[in-house]
Amino acid sequence: MIRQREAPHPSIDCLTSREQDVLSGLVCGMTNKEIGRELGISHRTVEIHRARLMRKLGAPTLSALLAIALPQRSRLAPIGSSNDLN
């Protein structure tokens, strides 16, 4: 049987610092409300950032997003550590 090569995961480098903050929270298992509280933004704003980063990374579900993010988690800063206010 011939095994197909899996396509490499998209890089999280294409995300804004705020999207990376949200992704960091998701990787830590936080809810949208918890991420919002930590970042000082509303949970609805977190939902918007989450939808944009999922679209950029081509992830249709949260589990697909985590499958992309987890191998790259060492490149994510702890949530709320970015200085950029994107």
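The values are calculated or read from the model by the stated rules, or taken from the named source; none is laboratory data. The structure displayed is predicted, hence computed values, not measured ones. Note: accessible area is taken over every heavy atom of the protein model, side chains too, but ligands, DNA and RNA are not part of it. Shrake-Rupley method; radii C 1.70, N 1.55, O 1.52, S 1.80 Å.
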Accessible area in the full protein assembly, largest first, 1.4 Å probe, for Thr61, Thr16: Thr61, Thr16
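Per residue, how much accessible area does segment 25-86 have with a 1.4 Å probe, in Å²? Spell out each step's value before the answer.
Numbers: 3800 Å² over 62 residues.
So segment 25-86 comes to 61 Å² accessible per residue, rounded to a whole number.
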